[in-house]
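The values are calculated or read from the model by the stated rules, or taken from the named source; none is laboratory data. The shown structure was predicted, so the numbers you read here are calculated from the model rather than taken from an experiment. Here the Cβ is made from the backbone with ideal geometry for all residues, glycine too, and neighbour counts use every protein chain on show.
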Amino acid sequence: MPENYIYRVIQFAKQGYTDLEFPIYDTDWDSEAYLTVSGQNSNNSVRVTDDFLKAVENDGDWNLTARQSGKVVKTLKARDLWEQVGYAARASADPGIQYHTTINEWHTSPAAGPINASNPCSEYMFLDDTACNPASVNLLPYRNQDGTFNTAAYEHTVRLWTIVLEVSVMMAQFPSKAIAERSYEYRTLGIGYANIGGLLMTSGIPYDSEEGRAIAGAVTAIMTGVSYATSAEMAKELGPFKDYKRNAKHMLRVIRNHRNAAYGNASGYEELSINPVPLDHGSLIDANLSERAKIARDNAPALGEQHGYRNAQVSVIAPTGTIGLVMDCDTTGIEPDFCPRSSSRSSPVAVTSRSSTAPCPRPCALLAIRKPRLPRWRPMRSAMAI
């Protein structure tokens, strides 16, 4: 019996399952596995509201309604439905969960309508019929030999690529007229990073640790803060995005909430049902990383209040499942190393290359690994709404 089956049985047993059925994996060309390949080029998500999650907590009922008429077609126990979603995700890595209420409370352009869905990989959340051009930064080359993070070089990269992506709005090709028009009007960008797992491993910092999460939070705060500040500087010269005026108060509120989180505050947020997990400065050994995260988040609202923003949204963290190979990344996106052991190799772009890594704390079979397609443009997807 494969080892991953044994681990899976143990995990399900801890959750209270008493019997499980494991189908035989047949690699024959005419087997059932090959008959299902056609559905494996997409990811599926279920979008849940806070009301649904409260019904799960209280063991309440939940009505399934018709899309067009809104008529109740079936009533279920919320916990039973939640259990089915969780079981399916555990067994097949689908569906993913999208938190509708939280997503829209962090929406920078709610006056134009709600965020209904995302792209297939779920990193891009914005209005229907919009798209962003992504650009991911390999974090490992920004590690200094003493283990600190080169924030000056990193901020320069983010600033430069924010400008490049803004230029790309005019150069990109889109699959439909509606997507082209709305992407031009809102000018959403997709700067992000990859290989944070490689950065942490090279530094000897566990991925699942307070310090690891604090580093990820600080690097993200710097990236998004610098990018929004650069967007505001471009707005000073070129004007804000077309629909900024009626969305200004909402966007500035979101930027202020980001700043509050970057300062590590547990309260003081505006119009949020659930407060975010703030940046843990106490777990950051690199004091400069902590300080630059605050400065980046100070500049973003300060410049935005003066000039507005050229872009309605600037950042995403993509899975980088394909481009990560070209970028010589050890790990994809914001994910850990899924392999039990990595072979020794050196990286031509890394300041300090790693020689080997210890086994992952959890076997690969227990982790939901997506294998996304990465098209040049990222159209909005449909999502089932609970």
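Key figures for this structure:
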read-out: Pairs, first under 24 Å from A194 (Cβ atoms) in the stretch 298-318, second of a type in the set (G, A, S) and assigned to a helix (DSSP H, G or I), C-beta under 6 Å, six or more apart; value: A300/G225; A300/A229; N311/S231; V314/S227; V314/S231; S315/S227
read-out: Single unsatisfied condition, G86 versus (1) buried (at least 16 other Cβ atoms within 10 Å of the Cβ); (2) farther than 21 Å from H250 by Cα; (3) of a type outside the set (D, E, K, R); (4) not assigned by TED's automatic domain parsing to the domain that holds Q173; value: (1)
read-out: Breaking point among (1) loosely packed, with under 12 Cβ neighbours inside 10 Å; (2) part of a strand (DSSP E or B), for K54; value: (2)
read-out: Enumeration of residues in the stretch 136-149 that are more than 14 Å from C329 (Cβ to Cβ) and either out of contact with any helix residue (DSSP H, G or I) (no Cβ under 7 Å at 6 or more places or on another chain) or free of Cβ contacts under 8 Å to residues at least 60 places away in the same chain (or both); value: N144, Q145, D146, G147
read-out: Check on S273, hydroxyl-bearing (S, T, Y), farther than 19 Å from S109 by Cα, assigned by TED's automatic domain parsing to the domain that holds Y309 and assigned to a loop (DSSP other than H, G, I, E, B); value: no
read-out: The stretch 111-132: number of residues that are crowded, with 22+ Cβ neighbours inside 10 Å, over 23 Å from D94 (Cα atoms) and either of a type in the set (G, A, S) or at pLDDT below 90 (or both); value: 2
read-out: Residue match in the stretch 144-164 (condition: in the same structural domain as K294 (by TED's automatic domain parsing), of a type in the set (F, W, Y) and part of a helix (DSSP H, G or I)); value: yes
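Here is a yes/no grid of residues against (1) in a helix (DSSP H, G or I); (2) crowded, with 23+ Cβ neighbours inside 10 Å; (3) modelled with pLDDT under 95; (4) within 21 Å of the chain's Cα centre (by Cα):
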| position | (1), (2), (3), (4) |
| --- | --- |
| G212 | yes, no, no, yes |
| A221 | yes, yes, no, yes |
| T224 | yes, yes, no, yes |
| E237 | yes, no, no, no |
| K242 | no, no, no, no |
| A248 | yes, no, no, no |
| N260 | yes, no, no, yes |
